[in-house]
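Have a look at the structure below, then the notes.
The values are calculated or read from the model by the stated rules, or taken from the named source; none is laboratory data. These numbers were taken from a predicted model, which means no experiment stands behind them. Virtual Cβ from ideal backbone geometry, glycine too; neighbours counted across all protein chains shown. What goes into the accessible areas is simple: the full protein's heavy atoms, side chains included, and nothing from ligands, DNA or RNA. Shrake-Rupley method; radii C 1.70, N 1.55, O 1.52, S 1.80 Å.
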Amino acid sequence: MNTDSDTGDWSGRWKHISKLLERSGPFAHPDFEGSPDILEFMLSTCKVLVIGAGGLGCEILKGLALSGFRNIDVIDMDTIDLSNLNRQFLFRLKDISRDKATVAAEFINNRVPGCNVTPHFKKIQDYDQSFYRKFHIVICGLDSVIARRWINGMLLSLLNYEDDVLDPTTIIPMIDGGTEGFKGNARVILPGMTACIDCTLDLFPPQVNFPMCTIAHTPRLPEHCIEYVKVLLWPQEHPFGENVGIDGDDPTHIQWIFEKAQDRADQYGIKGVTYRLTQGVVKRIIPAVASTNAVVAAQCVTEAFKLASSCCNPLNNYMVFNDTDGLYTYTYEAERKDDCLACSQVPQSLSFKKDAVLQDLVDHLKNSVTLQMRQPGITATVNGKNKTLYMQSVEAIRKRTKDNLPKRLSELGLTDGQELVVADETTPNALIFKLKYET
């Protein structure tokens, strides 16, 4: 392959890409006209944001760099652990304890001349609209539903409407990939036009929770012992301080939970409690497979190439992949929900009996398949004044508002048709609901 280290011009590699973008074919977009300008746009102008630099993110970064994209940003808040090295191929033993985003960016920049990957060792919530508005395409390689919902809400918040007509220039396409063992999926989301993350929220499997009576009294599995320490012992003993929560990325926290879980397992004659299993239960880790990451990442990069060049129609709009028994893949169109919480811009109604208490409302926001909130904070305008009914995420406010939980909604001054403003970590914007009393 011919390369020019001074200019970063991989003439041999870009030659076949250029030919691809100048030819017609049966899979070409009906309005596509090949031009060298398209290649120039991909190489010099198109900015791609990759969220996540784990197993899937590493594959996506590699694919983008070798497909012609030169302006890439990557965000990840995690550091490299020894267990990452078997599938996150951009990392080496010497990189353990360094942040994933920086190491991945350095690896790509050193191996692909002319490619400029900019790392961000932060949470996606640390950036505002002005940051995300800079990109043409956003690709997610995440293991978190919460993070997916947050970036989905952020891209929806960037849309502009004129006389209820969406301005297409404000659309930033989102490509979402996900893997779970030998299963995976990839999807293309055009915010405001196609089904968003929240439209299909019920497709995500519910988080596994063990019955409290089992973990407290009759544990049978090593996971029960770990959950016992996590849910019951940690809040009682406060091993690292009274207001210190569990950090799944802190080895000292995991080690303490592991040792306590091992003690409980010995009491009940249960075997199988390991440090790695402890970390998996605490962080809800699902084993990943390198080959699945490679397949799903390839689909994500292909869709990014289509969107940037317009050479082919993009995926419409959801692809599932399964090679557990044989090989199976299927594509279908996920449809928008008319009352989607995120993209419909229509306030949803919450129906409760007149004797319902605030705790019932909080539980519904958390447990509803279509809402799946984590720590909802609820405010409302009561008698002309803005009133915080309950907020869990801020400890000082939680202490002041927890007495509202057993009170009836009507006792708190909430009337039929009352608007409730709910903030949660799953979305960057507060959501508006309308309270409806059942008759």
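General observations
- Which numbered condition S344 misses (of (1) farther than 21 Å from L49 by Cα; (2) more than 25 Å from the chain's Cα centre (by Cα)): (2)
- Reported count of residues in region 233-282, each being charged (D, E, K, R), surrounded by fewer than 16 Cβ atoms within 10 Å (Cβ to Cβ) and without any contact (Cβ under 8 Å) to a residue 40 or more places away in the chain, is 7.
- Number of positions in region 351-364 that are part of a strand (DSSP E or B) and among the hydrophobic types (A, V, I, L, M, F, W, C): 2
- Members of region 160-192 found to be among the polar types (S, T, N, Q) and assigned to a loop (DSSP other than H, G, I, E, B), listed by number: N160
Residues checked against (1) of a type in the set (S, T, N, Q); (2) part of a loop (DSSP other than H, G, I, E, B); (3) modelled with pLDDT of 90 or more:
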residue	(1), (2), (3)
T292	yes, no, yes
C300	no, no, yes
P314	no, yes, no
S349	yes, no, no
Q375	yes, yes, no
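- Residues of region 319-347 that are touching a residue at least 60 places away in the same chain (Cβ under 8 Å), assigned to a loop (DSSP other than H, G, I, E, B) and within 16 Å of V289 (Cα to Cα): D323, T324.
- Candidates in region 298-323 are the residues that are aliphatic (A, V, I, L, M) and touching a Gly at 6+ places or on another chain (Cβ under 8 Å); of these, the one that is farthest from M193 (Cα to Cα) is A298.
- Matching residues in region 85-106 - criterion: being open to solvent by less than 40 Å² (accessible area, probe 1.4 Å) and touching a Cys at 6+ places or on another chain (Cβ under 9 Å): Q88, L90, F91, K100, A104
- G377 vs. criteria out of contact with any Leu (no Cβ under 7 Å at 6 or more places or on another chain), over 23 Å from L158 (Cβ atoms) and crowded, with 18+ Cβ neighbours inside 10 Å: yes
- When the helices (runs of 4 or more DSSP H) confined to region 202-254 are screened for residues that are modelled with pLDDT of 80 or more and within 29 Å of the chain's Cα centre (by Cα), those reaching at least 2 such residues are found at 222-228, 234-237.
- In this entry, S157 passes the filter for residues that are farther than 28 Å from D249 by Cα and surrounded by fewer than 17 Cβ atoms within 10 Å (Cβ to Cβ).
- Summed over region 392-439, the residues that are within 24 Å of S344 (Cβ to Cβ) and open to solvent by 30 Å² or more (accessible area, probe 1.4 Å) give a count of 13.
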